[in-house]
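S.K.: Attaching a single structure in structure tokens format; questions to follow.
Computed from the coordinates by the stated procedures, all read-outs in this text should not be read as laboratory data. What you are looking at is a predicted structure, and each value in this text was computed from that prediction instead of being measured. So basically every Cβ, Gly included, is an ideal-geometry build from the backbone, and we count neighbours across all protein chains shown.
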Amino acid sequence: MPLAEYAVRAETSRGRLHHEPEASTRSPWQRDRDRVIHSSAFRKLQYKTQVFVNHVGDFYRTRLTHSLEVAQIARSIARELRLDEDLTEALALAHDLGHPPFGHAGEDALNAKMKPFGGFDHNAQTLRVVTRLESRYAAFDGLNLTWETLEGLVKHNGPLARPPAYIAAYNARQDMMLGTHASAEAQVAAMSDDIAYHSHDLDDGMRFGLFGPADIAHLPIVGEALAEARRASLDVPPQRLRHETIRRIIHVLVSDLVVETQSRLAVLAPDSADRIRQARKPVVGFSPRVAEANHAIKEFLRARMYRHWRVNRMTSKARRLTEELFALLHADPATLPDGWRAQAGEGQPAQAAGVVCDYVAGMTDRFAQEEYKRLTDISMPG
């Protein structure tokens, strides 16, 4: 199926910061996707918390499985809208590369410790990962992704009036058009993120026993999906009923997103990707009815899952460990591994804080716990 006029096209790409010859067998977006998949930051997502700390169970989502689910949903939507599927997939796979260990607990902890030095933002950290911290190539730092992929990562949540420090600094080097919306491909990846984590958090929450089918029956879309699953799957075990419900929720959310976006596109009639960027509001989105239902699901999950006392205990321990790990390393940068210690310098708290932040943010849940023990348990080897 040919790309739509408003899709991002390789022939009009703004290219890469460091020039490289084009590949004969892959489009620029396929190369970006492949570079993301082969990066160390992507592999680490396997052991980074989504909601439940990695060791809690083998079946709960991690940042890696979440990213794969986002990519699957995003490609399906991109195909329906005749967008570039490879760019959409690259953005979906890369969108969480900047998340620290322990999910939002780790992010909150790093933000608190970095307040005197500009704070911490996982979207800005994603940009740091792909433009600076990944060191795989002889000619440049980072992955040297295309402008279109970087733009989609930077404007993950829309235009940036007050960008975090690193995004602002990078923008001075390569203009990301921060005041505009991102491409339709990037908007699809962002909305697919919502669809994926709401549906799989409902799944994981029921699997973990935080709530059951009776507790979600009142929710719009969810209750209808549950009732339909029961009618279609009489006397099935709870596990199958849960899966039948979740797949119906995803179907409703995706279908509504496609129909509503097609309606918005018909009104806007964009003839290029830049027309999408310059629009007054996002072109990809839910209908008002489903947007309201999606908000209700989010509020339910916030109350019954993200703030459940059992999750709060994990969150509290993870936040405290991350804060103490940062404090120990920042107070004595000489305890950093060789490469990181050299970057931290001597007698420069701000520089050392940035290096420690990058070091901690790049850890997996498991490595952070082990590193904390190495720094605090005298019986353990360094």
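S.K.: When region 152-193 is examined, which residues are found to be under 30 Å from Leu301 (Cα atoms), out of contact with any helix residue (DSSP H, G or I) (no Cβ under 7 Å at 6 or more places or on another chain) and not in a loop (DSSP other than H, G, I, E, B)?
M.R.: Gln187, Ala190
S.K.: On to the next question. Please determine whether any residue of region 357-377 is aliphatic (A, V, I, L, M), under 19 Å from Gly98 (Cβ atoms) and without any contact (Cβ under 8 Å) to a residue 24 or more places away in the chain.
M.R.: The answer is no; no qualifying residue exists.
So that you can scan it fast, the table gives a plain yes or no per residue for (1) buried (at least 18 other Cβ atoms within 10 Å of the Cβ); (2) among the aliphatic types (A, V, I, L, M):
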{"residue": "Thr322", "(1), (2)": "yes, no"}
{"residue": "His330", "(1), (2)": "yes, no"}
{"residue": "Pro337", "(1), (2)": "no, no"}
{"residue": "Gly345", "(1), (2)": "no, no"}
{"residue": "Ala350", "(1), (2)": "no, yes"}
{"residue": "Val355", "(1), (2)": "yes, yes"}
{"residue": "Gly362", "(1), (2)": "yes, no"}
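S.K.: Could you count how many residues in region 139-151 are in contact with a Lys or Arg (Cβ under 8 Å, 6 or more places away or on another chain) and either part of a strand (DSSP E or B) or among the β-branched types (Val, Ile, Thr) (or both)? Quick ask: steps written out before the conclusion?
M.R.: To start, the set of residues in region 139-151 that are in contact with a Lys or Arg (Cβ under 8 Å, 6 or more places away or on another chain) comprises 141-148.
Filter once more, so that each one left must be either part of a strand (DSSP E or B) or among the β-branched types (Val, Ile, Thr) (or both): 142, 146.
Going through region 139-151 one residue at a time, the tally reaches 2.
S.K.: Could you look through region 133-157, keep only residues that are hydrophobic (A, V, I, L, M, F, W, C) and touching a residue at least 40 places away in the same chain (Cβ under 8 Å), and pick out the one that is farthest from Thr180 (Cα to Cα)?
M.R.: Ala139
S.K.: If you go through region 172-182 one residue at a time, do you hit one that is more than 30 Å from Lys115 (Cβ to Cβ) and of a type in the set (Ser, Thr, Tyr)?
M.R.: No, region 172-182 contains no residue that is more than 30 Å from Lys115 (Cβ to Cβ) and of a type in the set (Ser, Thr, Tyr).
S.K.: Within region 72-83, can one find any residue that is more than 24 Å from Met206 (Cβ to Cβ) and within 17 Å of the chain's Cα centre (by Cα)?
M.R.: yes
S.K.: Out of the helices (runs of 4 or more DSSP H) lying entirely within region 1-111, which hold 3 or more residues that are out of contact with any Leu (no Cβ under 9 Å at 6 or more places or on another chain) and under 24 Å from Ile250 (Cβ atoms)?
M.R.: Once the helices (runs of 4 or more DSSP H) in region 1-111 are filtered for at least 3 residues that are out of contact with any Leu (no Cβ under 9 Å at 6 or more places or on another chain) and under 24 Å from Ile250 (Cβ atoms), what remains is 63-81, 85-94.
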